[in-house]
Amino acid sequence: MLLVYTQKVTPRIIYIFKHICTNMLGIQIKFTSKIEEFVAHDGFKMSYGKQALGNEFFIQNTDILLEHGFGELEIKVQPWGNTVCFFPVSENSDLPFDIFAASFYLLTRYEEYLPHVKDEAGRFPVSESLAYKESFLKTPVVDLWVQNFKKVLKDKFPEMEFKNAQFQVESIFAVAQGFVFNNKGIIRSVVGWGNDLMKLHFHRFFDRVKSWMKIKKDPFDVFDDLVSLIKKHSISAIFMFKVSDFTLYDRNINYNRIPYRSNIKYVSDYAKIGLLLGHYSSQTLKVLKTEKFRLENIIHYPLENVLNARYDLGIPEHFNTLAELEFDNDYSMGYPDDLGFRAGTSFSYLFYDINLEITSPLKIHPYIFNSNVGKKYGSEELKKEIAKIHERVKEVDGTFRAIFKNEDFSEYYNNKRYYSLLKQIHEIE
């Protein structure tokens, strides 16, 4: 056990120390604000304050973990070993910066609470982030900090035991439309058929007819192929299905259609299932609750996983709503239009609400790659960038998460490219 002395034990300190020391390193910790208890302790101990009390392991603090709410902060990024850091402290500290404050800043998405320019979809844009501006977006800085922190602790306490993490890869498949032609009803089908003719899309026209006649499989119905790959290579996967009502923004088929429900049940035998939020469920509690209930009625067990299809995280309100509806895991933490680490880490962590100063039971699972970035990168460039980041995550024994869409693997998109990326990420020959 590691005894941590700090003059004041705040919810922020408890949150970030437990994540770094216990969740990531496997060190049990105890806090004290009593100097006598700290001095008398003959085991591993560390102080976190303005100055050391003796010869203990000491990290000088900044004020962010002692404060309430949020405000503008002056951040100066500087090099540290094989990475960068910020919130520097004096040479008296065993680390040259406040690792706990810096990690808290990134994990909580502190900067997203501050006034910022939103993109056209009302989201926090990657270009506004500190990581993008300071060129460390594609580096898991928090994970590297913790790795280096572990080395320094080992030097100070050779007998201290640590948890060994293991590199993992996980793919999330977002299913906004289970079918492109089939099961859409007579009116939508006839309109689609007419549009194909008017736009001279004869290939789609004949594919549509073949799909209706069961001569050819619907191009978006790629679940057999994906499940086959999952089974053959033991891929860790989650399928996020949309069950929202048909609207201007949600063009999926009716969730009551038997073929769609059958695909959901079929996939659930080989992978985890989650809810892909509709346009309105990410904004309205009542709609979200309805969609959760619908999917649970199909899979017949409590729904734990969720993905925000709009990638508008709405921190902190949206995450609090997910926790209120007893979702356990959210997979929306990342940028849909660029590669990298939105929260500076590849490890899962609990959400912390800066407004309420509480730790939520909702676990955040950050992703690194979203297939949307295929529009930004050429095929070879994307492969090289993914390979670099993949190696960095391996070095810190983190988890590389990627988000694909089922339509990525259809003949109407560059399916060879995405099958190649899927295999690259999971290291499949």
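How much area per residue is accessible in the range 248-361 when the probe is 1.4 Å and only protein heavy atoms are counted (Å²)?
Ligands and nucleic acids excluded, the result is 41 Å² per residue.
So for the range 1-111, Kirkwood radius off the Cα pairs, Stokes-Einstein at 10 °C and 1.306 mPa s: how many µm² s⁻¹?
Answer, rounded: 109 µm²/s.
For Lys50, list the lysines whose Cα falls under 18 Å from its own Cα; do not include residues on the same chain fewer than 8 positions away.
The qualifying lysines are Lys8, Lys34.
Tell me which residues come under 5 Å, amide H to amide H, from Ala174 once H is placed; ignore anything under 5 positions away on its chain.
Amide H to amide H, under 5 Å and 5 or more residues apart or across chains, Ala174 pairs with Met240, Phe404, Lys405, Asn406.
Quick check: convex hull of the Cα atoms in the range 103-188, volume per residue, rounded to a whole Å³?
That works out to 193 Å³ per residue.
Do the sum for the chain: with -39,500 (n - 2.57) for every DSSP H run of n ≥ 4, divided by all residues, what is the mean residue ellipticity at 222 nm, to the nearest 500 deg cm²/dmol?
-9500 deg cm²/dmol
Can you pick out the pairs among Lys231/Lys416; Lys363/Lys416; Lys30/Lys133; Lys133/Lys272 whose Cα atoms lie more than 27 Å from each other?
From Lys231/Lys416; Lys363/Lys416; Lys30/Lys133; Lys133/Lys272, over 27 Å: Lys363/Lys416; Lys30/Lys133; Lys133/Lys272.
Between Glu317 and Phe246, what length in nm is gained on full extension when 0.36 nm per residue of separation is reduced by their alpha carbon distance?
Between Glu317 and Phe246, full extension yields 23.1 nm more.
Convert 20 °C to kelvin, take the viscosity as 1.002 mPa s, use the Kirkwood radius over C-alpha pairs of the range 251-348 as Rh, and evaluate the Stokes-Einstein diffusion coefficient in µm²/s, rounded to a whole number.
Stokes-Einstein gives a translational diffusion coefficient of 147 µm²/s.
Under a plain spin-label model, where a point goes 7 Å from the Cα along Cα-to-Cβ, how far apart in nm are Lys375 and Lys423?
Those two pseudo-labels are separated by 2.7 nm.
Hey, what's the range 1-90 come to in accessible area per residue, 1.4 Å probe, Å²?
About 50 Å² of surface per residue is accessible.
How much of the accessible area of the chain, in percent, comes from carbon and sulfur atoms when a 1.4 Å probe is used?
C and S atoms contribute 51 percent here.
Between His68 and Asp155, what is 0.36 nm times their sequence separation minus the Cα-Cα distance? Round to one decimal in nm.
27.9 nm
If I take all pairs of Cα atoms in the chain, what percentage of them are more than 33 Å from each other?
40
Rg and Dmax of the range 300-376 over Cα atoms: what are they, in angstrom?
12.9, 39
The values are calculated or read from the model by the stated rules, or taken from the named source; none is laboratory data. Just so it is clear, the model here is predicted, and its values are computed rather than measured. Glycine gets a Cβ as well: all are built from the backbone with ideal geometry, and neighbour counts include every protein chain shown. For the accessible areas, the whole protein counts, side chains as well, though only heavy atoms, and no ligand, DNA or RNA atoms are used. Shrake-Rupley method; radii C 1.70, N 1.55, O 1.52, S 1.80 Å.
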